[in-house]
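Accompanying notes for the structure given below.
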Amino acid sequence: MRVGITGHRGLGADVERRVREMLDEAVSAYDAADLVGVSCIADGPDTWFAEAVVKHGGRLEVVIPAAGYRDALPERHHATYDALLGQASDIHETGMDESTSEAHMAGSEVLVGLSGELLAVWDGKPAWGFGGTADVVSYAERSGTPVRVLWPEGATR
């Protein structure tokens, strides 16, 4: 099963803990031999999902939205990003240079196209900016890709 991830970044510690548990549980339900996780490996749910896939024994594929994407991520995340990128069985690129909202959405569209299912760490609210989680969920739904929302009850961001 090819499973993609999208989700809100910058979640608080309690919400992060609960989301990590939900992602671990979701990933554990897949047969590791058939699991391919597809992620842009941004800080937050993208990375937590990728780590869960690798821990479970699945394969990781990475989508890079733009040549400047890594440098636009928080510096504290670079080592984790590099480590996960090094574990990827395949890397997909959009061909875009600047890490903009448009590039992020293009990367998400590639990710959805590679996925048979999309996990969305989403509070159900509209995106704060173009290319946010709500936009990715909407794109997946329009594309016919099933979406499974993971959001802890009562959590806020």
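Looking at the range 1-58, the accessible area is 40 square angstrom per residue; that uses a 1.4 Å probe and ignores ligands, DNA and RNA.
Annotation: His56 carries an accessible surface of approximately 60 Å², with a 1.4 Å probe and no ligand, DNA or RNA atoms counted. The alpha-carbon positions of the chain define a convex hull whose volume is 100 Å³ per residue. Computed on protein heavy atoms with a 1.4 Å probe, the accessible areas place Arg18, Arg148 in the order Arg148, Arg18, largest first. Separation of the range 103-130 and the range 1-76 by C-alpha centroid, Å? Each part reduced to its Cα centre gives a spacing of 12 Å. To the nearest 10, the accessible area of Leu85 is 50 Å² with a 1.4 Å probe. Here Arg9 sits with roughly 110 square angstrom of accessible surface, probe radius 1.4 Å. With a cut-off of 9 Å between beta carbons, the residues surrounding Glu117 carry a summed charge of +2, where Lys and Arg count +1 and Asp and Glu -1.
What FRET efficiency comes out for the pair Arg157/Ile91, r = Cβ-Cβ distance, R0 = 25 Å, nearest 0.05? Plugging the Cβ-Cβ distance into 1/(1 + (r/R0)^6) gives 0.30.
Label positions at Arg142 and Glu21, each projected 7 Å from the Cα along the C-beta direction, are separated by 3.6 nm. Within the range 103-157, the GluC sites (Glu not before Pro) that combine a DSSP coil assignment with at most 14 other C-beta atoms in a 10 angstrom radius are Glu153. Taking a Cβ cut-off of under 12 Å around Ala42, the surrounding Lys, Arg, Asp and Glu residues balance to a net charge of 0, with basic ones at +1 and acidic ones at -1.
Sorted largest first by accessible area at a 1.4 angstrom probe radius, with every protein chain in place, the residues Asp82, Asp46 fall in the order Asp82, Asp46. For the chain, give the percent of accessible area contributed by carbon and sulfur heavy atoms, probe 1.4 Å, rounded to a whole number. The computed percentage sits at 48. Output the relative contact order of the range 34-85, whole-number percent, from Cα pairs under 8 angstrom with separation of 6+ residues. Once normalised by length, the contact order is 41 percent.
Quick one: net charge of Val147's neighbours, Cβ under 9 Å, K/R +1, D/E -1?
Overall, the nearby charge balance is -1.
Mean separation of Cα pairs under 8 Å and 6 or more residues apart, divided by the residue count, gives the chain a relative contact order of 28 percent.
The values are calculated or read from the model by the stated rules, or taken from the named source; none is laboratory data. Model, not experiment: these values are computed from the prediction. Note that we place each Cβ from the backbone using ideal geometry, even for glycine, and neighbour counts take in every protein chain shown. SASA here: full protein model, heavy atoms, side chains in, ligands and nucleic acids out. Shrake-Rupley method; radii C 1.70, N 1.55, O 1.52, S 1.80 Å.
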